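Structure first, then comments.
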Amino acid sequence: MVVHSQSGALDHCSLIRTCKPTATVFNGIPVVNLRDPQAKTLIVKACEEFGFFKLVNHGVPMEFISELETEALRFFNLPQSDKDKAGPPDPFGYGCKMIGSNGDVGWVEYLLLNTNPQITSHQTHTVFRENPESFRSAVNDYVQAVKRMAFEVVKLVADGLRIEPRDALSRLLGDDKSDSCFRLNHYPPCPELQALSGRNLIGFGEHTDPQIISVLRSNNTSGLQICLKDKTWVSVPPDQTSFFINVGDALQVMTNGRLRSVRHRVLADPRNSRLSMIYFGGPPLSEKIVPFPSLMAKGEESLYKEFTWWEYKTSAYKSKLADYRLGLFEKRTASAVAGL
């Protein structure tokens, strides 16, 4: 489904970075059927090679997806003054162009909502209070269904890696104090692209996700790109009926680098709106982010210093999008020190 929406909310692009268009559409994205008996093996392989895969036969009802898309577009099509009532973000709430507080900008407007009722967010309450009950209902139905699916995925990760216990990851996402959140990103069409010497506006700049896992669904407009191991950027073919799963920084540390968080970005489309929905599964703030002992070979040392999720999240939010956030938490190996 092609989404048409207003572009008046983002009235100029003078501050938005551009890049040369990437013509390469990558058809090698791993596809995993959640009901495949070999799913655990395929998921681990995909996360080791790409940190990213497409999930089909996921079990999330399509009516939940359609209802949320309808409600999200209704919100993003509101007059700018109405949307601004849900901002500025704290970090929850409505944001436009500005991504975080460190100078990053993009051709995007968004809603960031907390998913844990124990975490109080004035802006999340404002979003739900100022919009029809159907919006809250659509968000809750969708998020609950996606969370259940995410629990299945991380259990399969644990099975494939032989992490003990099997619920070592899912219990973190399902904890009463889980620091998970949900984001709606809207990238309006940008006719101005035609006047930018063939360059693309960057909707959301390159970054990795800090959490354990990210679950992304978008409409049928292209724009998502991932960076391969050889540093090549490739475009991910859109699929509005499936989900894309990202390995986050926390999971990279928990597997001592075996699974790698994927660097990704979104480019704006000159004619069609892109709408994406992302569930970020995070652990409780007090959780220590360390490699699972069952994954460590005898005598193997952690590649990372010990830290809590709160410490890493705080550091990540102080950084710029493109920064290598885990670099501050890596241990200096003997060989690296010798090379100084």
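Considering only residues that are in contact with a helix residue (DSSP H, G or I) (Cβ under 9 Å, 6 or more places away or on another chain) and not small (Gly, Ala, Ser), which ones fall in the range 79-89?
First, pick out the residues of the range 79-89 that are in contact with a helix residue (DSSP H, G or I) (Cβ under 9 Å, 6 or more places away or on another chain): 82-83, 85-89.
Asp82, Lys83, Lys85, Pro88, Pro89 - these are the residues of the range 79-89 that are in contact with a helix residue (DSSP H, G or I) (Cβ under 9 Å, 6 or more places away or on another chain) and not small (Gly, Ala, Ser).
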Arg171, sole failed condition from (1) open to solvent by 50 Å² or more (accessible area, probe 1.4 Å); (2) among the basic types (Lys, Arg); (3) under 27 Å from Tyr94 (Cα atoms): (3)
Inter-residue pairs, beta-carbon under 9 Å, first under 19 Å from Ser218 (Cα atoms) and in the range 174-188, second in a strand (DSSP E or B) and of a type in the set (Asp, Glu), 6+ apart: Asn185/Glu109; His186/Glu109; Tyr187/Glu109; Pro188/Glu109
Filtered residues of the range 179-197 (kept if modelled with pLDDT of 95 or more and surrounded by fewer than 21 Cβ atoms within 10 Å (Cβ to Cβ)): Arg183
In the range 1-24, the residues that are in a loop (DSSP other than H, G, I, E, B) and either in contact with a His (Cβ under 9 Å, 6 or more places away or on another chain) or at pLDDT 85 or above (or both): Ser5, Ala9
Residues located in the range 25-70, provided they are open to solvent by less than 30 Å² (accessible area, probe 1.4 Å) and assigned to a helix (DSSP H, G or I): Ala39, Ile43, Val44, Ala46, Cys47, Ile65, Leu68, Glu69
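Results for (1) buried (at least 19 other Cβ atoms within 10 Å of the Cβ); (2) among the hydrophobic types (A, V, I, L, M, F, W, C); (3) part of a strand (DSSP E or B), shown as yes or no for each residue.
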residue	(1), (2), (3)
Lys231	no, no, no
Asp239	no, no, no
Val253	yes, yes, no
Gly257	no, no, no
Ser261	yes, no, no
Val266	yes, yes, yes
Asp269	yes, no, no
Arg274	yes, no, yes
Cβ-Cβ under 8 Å pairs, at least 6 apart or on other chains, the range 209-228 side over 12 Å from Val247 (Cβ atoms) and assigned to a strand (DSSP E or B), far side modelled with pLDDT under 95 and of a type in the set (Phe, Trp, Tyr): Gln225/Trp233; Cys227/Trp233
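The values are calculated or read from the model by the stated rules, or taken from the named source; none is laboratory data. Keep in mind that this is a model prediction, so the values were computed, not measured. So basically every Cβ, Gly included, is an ideal-geometry build from the backbone, and we count neighbours across all protein chains shown. Side chains are part of the model used for accessible areas, which takes the heavy atoms of the whole protein and leaves out ligands, DNA and RNA. Shrake-Rupley method; radii C 1.70, N 1.55, O 1.52, S 1.80 Å.
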